[in-house]
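Each remark here refers to the structure printed beneath this line.
The values are calculated or read from the model by the stated rules, or taken from the named source; none is laboratory data. What you are looking at is a predicted structure, and each value in this text was computed from that prediction instead of being measured. Cβ atoms come from the backbone with ideal geometry, glycine included; neighbour counts cover every protein chain shown.
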Ligand SMILES: Nc1nc2c(ncn2[C@@H]2O[C@H](COP(=O)(O)OP(=O)(O)O)[C@@H](O)[C@H]2O)c(=O)[nH]1
Ligand SMILES: [Mg+2]
């Protein structure tokens, strides 16, 4: 038997309230909250314009759904959700939905706004039968053109949402490019608070367009890895995320959608004499400017657009030195080199275990906002929503753990080095994993480990010199062990 977790309690509350609002103007809103917590985690891809957000979204889905570069649709928030079939709709600012026409052009989804004006559209909603969307609904954001959020670097508790407006996303992938500015100044550009409050608990950062680092030489991804580590160790980055993953989204997007005619073009390129090929691979100008009969300038330009200079270098190298020739042979190697598989693993590790807690958190914020709007028309329902959501928030060890994990990971509290990994585990791991035990551990060993944990963390919480936030962290660790004790056996 397990104690009701936060998500279960929130779902029960939503289900209890829904019938009371049936037939009212609020019915749709409660249904949306219900659908959101039942559905997959909503992950927003945020970052500045041209950071490579849409390209990365496509790489994660494995299809070219999000429009890249210019175009009106890139300026609108777009939600990509798993669906049984294909459907595209515009959600208007008025709240109404309008079906949009779409087609696939050269494998890329192309959406027509018809006579709708971009200004009247709140978001575009795409339903697509892609299996990768089963785990996560992905939200493409237009990104910031300019940077003026003064508060952006402040450590903020991610539980302190903007209470006026429920968050659009439960978690965030933040893209930052390596620009030759001071790293910390660059971080001012890093936060986009309009998406959702970021915290190491719900944010993974990506060093994007990593293949362009060091002019796209063959070792670009190694350099990117070093730079990503440096970013990660910056205090200002730490407040927001514990991981920075270098990714060449373009390489993955192309690898996952690569065609045989592109492999043929790469083979033709690789067929040049050494000296000619070396010259052509110096840069885009040399690639397109060199006179040769083996490959047209047009297909060289196509290759550049799809693979980038780094991708072309890697691919021709693979053709020549490894004898890889077909799209089926080349594509997996390119995808692996892109860093996207590693990112996917990090996302699973970071978001997977606490997806439902993050969703429950978003749902509670949405319920509070609903309660405010119900105050005049349905005061009893509003009261109940306020009271119950407060009770769930206060009593749920899940929320307390998310908050404590945030405090530790963001560096808001300083923990001893020898305690750090045990604390991370007790605050973040699932089930018995929080005690360092496997799923099949015997009930008695779980209870013993839980008791030891309660004693250990409670005694640390009793340290008279510890700061209040640190006491909170230790108390939460002790509560986690207590609840494992109580629910085992
Ligand atoms: N070389 C390279 N170019 C990229 C990468 N990701 C995106 N781009 C290019 O950068 C431009 C902007 O990409 P886009 O995904 O539209 O950026 P967004 O504005 O953040 O959505 C496009 O021309 C992409 O082809 C990458 O990983 N490597
Ligand atoms: Mg975009």
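Would you check if residue 365 is farther than 19 Å from residue 170 by Cβ and part of a helix (DSSP H, G or I)? Spelling it out, it is not the case that residue 365 is farther than 19 Å from residue 170 by Cβ and part of a helix (DSSP H, G or I). Taking the numbered list (1) within 16 Å of ligand 2 (Cβ to nearest atom); (2) without any contact (Cβ under 8 Å) to a residue 60 or more places away in the chain; (3) buried (at least 20 other Cβ atoms within 10 Å of the Cβ) in turn, residue 55 passes all entries but (2).
Within the range 243-265, the set of residues being buried (at least 18 other Cβ atoms within 10 Å of the Cβ) and more than 30 Å from residue 345 (Cα to Cα) comprises 265 only. Residue 142 meets the conditions (1) at pLDDT 60 or above; (2) touching a strand residue (DSSP E or B) at 6+ places or on another chain (Cβ under 8 Å) in every case but one. The failed one is (2).
For the range 378-489, the helices (runs of 4 or more DSSP H) that sit wholly inside it and include 2 or more residues that are over 30 Å from residue 17 (Cα atoms) are 397-409, 417-428, 443-461, 468-487.
Of the strands (runs of 3 or more DSSP E) that lie entirely inside the range 95-143, those containing 2 or more residues that are farther than 26 Å from residue 38 by Cβ and free of Cβ contacts under 8 Å to residues at least 12 places away in the same chain span 101-105. Quick check, is residue 230 modelled with pLDDT under 95, out of contact with any strand residue (DSSP E or B) (no Cβ under 7 Å at 6 or more places or on another chain) and on the phi < 0 side of the Ramachandran plot? Spelling it out, residue 230 is indeed modelled with pLDDT under 95, out of contact with any strand residue (DSSP E or B) (no Cβ under 7 Å at 6 or more places or on another chain) and on the phi < 0 side of the Ramachandran plot.
Annotation: of all residues in the range 200-210 being in contact with a strand residue (DSSP E or B) (Cβ under 9 Å, 6 or more places away or on another chain) and more than 16 Å from ligand 2 (Cβ to nearest atom), the one that is farthest from residue 335 (Cα to Cα) is 201.
May I ask you to list the residues in the range 33-52 that are over 14 Å from residue 140 (Cβ atoms) and in contact (Cβ under 8 Å) with a residue 24 or more places away in the chain? Hits for the range 33-52 are 33, 36, 37, 38, 39, 40, 41. Taken together, 358, 330, 324, 367 contain a single residue that is under 24 Å from residue 45 (Cα atoms), surrounded by 20 or more Cβ atoms within 10 Å (Cβ to Cβ) and more than 16 Å from ligand 2 (Cβ to nearest atom), which is 358. Looking only at the range 5-48, residues that are within 16 Å of ligand 1 (Cβ to nearest atom) and over 17 Å from the mean Cα position of the chain (by Cα) come to 0 in all.
For the range 375-407, which residues satisfy the criterion of being surrounded by 17 or more Cβ atoms within 10 Å (Cβ to Cβ) and out of contact with any helix residue (DSSP H, G or I) (no Cβ under 6 Å at 6 or more places or on another chain)?
Answer for the range 375-407, where residues must be surrounded by 17 or more Cβ atoms within 10 Å (Cβ to Cβ) and out of contact with any helix residue (DSSP H, G or I) (no Cβ under 6 Å at 6 or more places or on another chain): 378, 384, 403, 406.
So that you can scan it fast, the table gives a plain yes or no per residue for (1) within 16 Å of ligand 1 (Cβ to nearest atom); (2) modelled with pLDDT under 95:
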residue: 290; (1), (2): no, yes
residue: 297; (1), (2): no, no
residue: 300; (1), (2): yes, no
residue: 303; (1), (2): yes, no
residue: 306; (1), (2): yes, no
residue: 311; (1), (2): yes, no
residue: 319; (1), (2): no, no
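Within the range 433-465, being exposed (fewer than 12 other Cβ atoms within 10 Å of the Cβ) and either closer than 23 Å to residue 354 by Cα or not assigned by TED's automatic domain parsing to the domain that holds residue 478 (or both) holds for 438, 439, 440. Residues that are within 25 Å of the chain's Cα centre (by Cα) number at least 1 in the following helices (runs of 4 or more DSSP H) confined to the range 247-345: 249-256, 297-322, 327-338.
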